[in-house]
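Nothing in this text is a laboratory measurement; each read-out follows from the coordinates by a stated rule. Note that the structure is a prediction, hence the values are computed from the model and not measured. Note that each Cβ is placed from the backbone with ideal geometry, even for glycine, and that neighbours are counted across all protein chains shown.
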Amino acid sequence: MTLATTNHLPLPSNSTKTIILQPLSNNRTKTQVQCSKPNIVITIPNIISNLLHIGTARNPFPDNLFIQARHNQTTPAASPKENISSLQAELHGKSNWSNLLNPLHPWLRCELIKYGELAQGTYDGFDYNPFSEYHGSALYNKDRLFEKLCLTSSGYNITKYIYAMSNIELPRWIERSLHANTWSKDSNWMGFVAVSDDTESHRIGCRDIVVAWRGTIATTEWFENVHLKLESIKIGDEEEGEAKVEHGFLSIYKSKSETTRYNKSSASEQTITEIKKLVAHYRSKGEQVRVTVTGHSLGGALALLNGHEAASTIADLPVSVITFAGPRVGNDAFGDELRKLNVKVLRVVVKQDVVPKLPGVLLNEGLEKLEGIIGELQWVYEHVGMELSLDVKSSPYLKHHELDLSGFHGLETYLHLVDGYVSEEDEFRKNARRDVALVNKYGGMLREELMVPESWYQLEHKGMMRNAYGRWVMRHREPEDIPWSDSL
């Protein structure tokens, strides 16, 4: 989408100019508002570009980046792992990441990428093929997922898969297979619980239990499915308080049904049961244990709900939540509860991404300044925790002049920007290690000069194979990768 460049700035608020609305003529292709003399044209794309911090001019591609990109193809795509145990608590928010975000501490950068890549694994390991009988499940079983996705170097082992359903209609958040003999008509694979191995635990200074939640790739799903309805949240049998969260998020996290195979227990119950088991096991061995919950987009919302519940139900458990492109989840009282529970929250956001501005584009924490006049509003959405704000325009590898909502929202875009971020004042890191080709895994945010195809990550032949009779059919799953319900 090409954005117009005429008079990029909006009219000043004190302008006395008369605005005249004019119908489009046959030779006008842009929605526009024309003003009296001096002649000023305001285009809708320009207004959007201002709100999302998008430039309208094509950014020049430095010649030296061609050389850098070629050089990067023959160098390791990750920084060497260092022992970070001396800063373990601070890296997980003990001091609210004070002095670690601007400039971004190199150890924190590596840890953010580590958790982001675990969250990315919930996308890469998901069966998106609507014609597959296993659509909506994990492509591989929990013992093979990291091997297939090249995540074995993360230092974590999956102990539990998480399945979720919804008792309200959310057609684009919960995927449905078109196959007559689908593995499940109700449930989706939503992520996993994993634990650090001995080597990683020694490196980071504790036994780290990670819960990674799958989110959504397309931003259109947000506009279609956010219900803008706050619902009271409670833990166990406690009475409902003032804390409220978004109705759709809570439905996915809490829904269950005895008639289903994979959600006789809710996603909430599955994760908390597994966390309790792992915490008890490692504490019995005298180890220091902590929980890190991560997720992107919808997964970021579920991560906050999960972090809140884990801290509420397990005594003296350090809990950190690290989200990417996470939306607002609840009201001010929900944020207060997270702070009282000492849940540390770090939100990574991209300025151009619309999802972190949802829900509550208008009814959000910005209204706090009016509380003295209109009183406390329990139905206003509020972000919680610390924020690391990134800018698409900081990277010379990305397109700056196009309105690509899905590209701005993509987790691979986020991880690319984290890898290159130094501080608010500094330019994109020249020695960034992460492979820039990953940005185009599910989209097309990279400059054409880099010659990386758009959306290149897909199953061979889209899951089709040629059988012994020479006919093309849907490939069968390996027996060990067929979903099964492990005591759900």
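Before moving on, here are some points about what is shown:
- For Ile272, Ile314, the sequence from fewest to most other C-beta atoms within 10 Å is Ile314, Ile272.
- Simple spin-label estimate for Ser389 and Ala77 in nanometres, 7 Å along Cα-Cβ: 3.2 nm
- Amide proton proximity set for Thr159, modelled H, under 5 Å, gap of 5+: Val193, Ala194, Val195
- Counting beta carbons within 10 Å around each of Lys234, Lys114 and listing the fewest first gives the order Lys234, Lys114.
- Above-threshold pairs, the threshold being 21 Å between Cα atoms, out of Lys229/Lys344; Lys357/Lys441; Lys244/Lys357; Lys81/Lys441; Lys344/Lys393: Lys229/Lys344; Lys357/Lys441; Lys81/Lys441; Lys344/Lys393
- Sorted by Cβ density within 10 Å, fewest first, the residues Phe324, Phe131, Phe146, Phe249: Phe131, Phe146, Phe249, Phe324
- Measuring between their Cα centroids, segment 293-353 and segment 383-437 lie 22 Å from each other.
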